[in-house]
Amino acid sequence: GYEGDVIMAKRSEGFELTEAEQAAVSAANRKVAITSIPSIQFGLFRYHEPDRNAAYEMALAMQSHFTGVDVDELRLMNATSDVTGSSASDRFPLSIGDQKLLREAEIVAKWNKNITAPLMPSTWSRQDDRVTLYYNEMKNISETAKSVGFEDYTDEQGNIISWDWLDAEFKAGRISGAAYDDMSRDLLVETGVRYKALKDSDVYADVPKTYDERVERNLERNKSVYMRHPSEELLLMFRELLPVKRWDPELGQNIVDYDSYFAQVDQIYAAMNEDHRDEFMQVIHSEWSDTRILRWQINRTFFIPYRNARVMVLNRYTEEEQIIIQRYSGANSLEREEIRAVLTTGDRSLYSSFQEDLRNFHRNQRVLDFEMDAWLRVFGKVDSSLTPQAEEFFRSLMQELQGVTTTL
């Protein structure tokens, strides 16, 4: 399976195995040593041929189902995979889940065929090993961020921050929603730094990391060994997403916006074929903690409409006024003074008028939607509730999420 490919690639490239990988190798060696004794000494002690063949035929049928390729053609493809350097799972980009099942079917196929001498050029073999190791390292970075965190990223008390740690701390009420957002944003940045270091590493310089680079490698080899299903291409893009800076007109400053990360996730989701969206989100959610999933859902339901109010308010102004207002976020201090000096027809500062209109629009949103108001307060975007309904709902949320019975 995939773990075996990683271990073999590490041994081929001289990389150190983890304790778990070394234990797997030792266990496999012991198993082979025990079963090979009677297999070598006595011709009768062999795998039961009918059972082995039946398993192989079932595996072929599964491969045919997923790829749409005739069983006889798959039989030939599997028999020559050591020579050609590619199997069915290499040649037919499938969705993430189908690809995993196809690889499991290929394990049975490999078990049933005779061993042939690989004639693939040694440079290709080394390239493939590095590709396997590169994506395994990406997976390790993601898993480290989720479970144990990075040793050089801690809070003020020295606790190593991971997604699981953030989840536990938030649920226990030891950190606020605002602190959860801040540390989540920083953890994404820390993870991104490690992805970039991996990508820029000399060890993996020859690994095709973008879609265009994979296409180029395929042309060099005259086959599709590096082609990936579109959902997998988008999954690779997802792993490298980072929150972006944006201008907050109410705060009057640039902020690194955690919500922008979820906005990018939604853009990838929207770009996918509907048939693969659910599977894509299942893969992402398997890597996310409960609170992270909740935060994504709340962003989609409440925070996006709240943030989009800026566009709706901006559209109330003339085209010329909109251009002036939008210039403000990217302007230097001198230019901002000049923009603030621009007056409306009512002799008010244009930008101040826009900020006031936006605050009033947000206030109306919160009054009309008490759930939005409560969730904004949970994650520290507002300091207090505007209505008794919002206050009551906020208290019930804090009790449910953190066991907090008093107003924060």
message: Among the residues in the range 182-197, are any within 17 Å of the chain's Cα centre (by Cα), surrounded by 17 or more Cβ atoms within 10 Å (Cβ to Cβ), part of a loop (DSSP other than H, G, I, E, B) and of a type in the set (Ser, Thr, Tyr)?
response: no
message: Ala168 - would you say it is out of contact with any helix residue (DSSP H, G or I) (no Cβ under 7 Å at 6 or more places or on another chain), part of a helix (DSSP H, G or I) and farther than 22 Å from Leu242 by Cα?
response: yes
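Residues are listed down the side, and each one gets a yes or a no for (1) touching a strand residue (DSSP E or B) at 6+ places or on another chain (Cβ under 9 Å); (2) over 28 Å from Arg316 (Cβ atoms):
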site	(1), (2)
Ala341	yes, no
Ser352	no, no
His362	no, no
Phe370	no, no
Asp373	no, no
Gly380	no, yes
Ala390	no, no
- prompt: Looking at Gln402, is it touching a Gly at 6+ places or on another chain (Cβ under 8 Å) and more than 18 Å from Phe303 (Cα to Cα)?
  reply: yes
message: Among the numbered criteria (1) in contact with a helix residue (DSSP H, G or I) (Cβ under 6 Å, 6 or more places away or on another chain); (2) surrounded by fewer than 14 Cβ atoms within 10 Å (Cβ to Cβ), which one does Ser333 miss?
response: (1)
Near pairs, Cβ below 8 angstrom, 6+ apart or cross-chain, from the range 226-248 (closer than 12 Å to His276 by Cα) to any residue that is modelled with pLDDT of 75 or more and among the charged types (D, E, K, R): Ser231/Glu279
- prompt: Could you say whether any residue in the range 362-384 is part of a loop (DSSP other than H, G, I, E, B), on the phi > 0 side of the Ramachandran plot and either within 34 Å of the chain's Cα centre (by Cα) or in contact (Cβ under 8 Å) with a residue 12 or more places away in the chain (or both)?
  reply: yes
message: Just checking, does the range 122-142 include any residue being modelled with pLDDT of 95 or more, assigned to a helix (DSSP H, G or I) and out of contact with any helix residue (DSSP H, G or I) (no Cβ under 8 Å at 6 or more places or on another chain)?
response: no
message: With the structure loaded, tell me whether Arg336 is among the basic types (Lys, Arg), over 22 Å from Ile298 (Cα atoms) and either in contact with a Lys or Arg (Cβ under 9 Å, 6 or more places away or on another chain) or part of a helix (DSSP H, G or I) (or both) or whether it fails that test.
response: yes
- request: Just need a number here: residues in the range 261-276 that are assigned to a helix (DSSP H, G or I) and under 15 Å from Met237 (Cα atoms).
  value: 11
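The values are calculated or read from the model by the stated rules, or taken from the named source; none is laboratory data. No experiment lies behind these values; they were computed from the predicted model shown. Every residue, glycine as well, gets a Cβ built from its backbone with ideal geometry; the counts of neighbours run over all protein chains shown.
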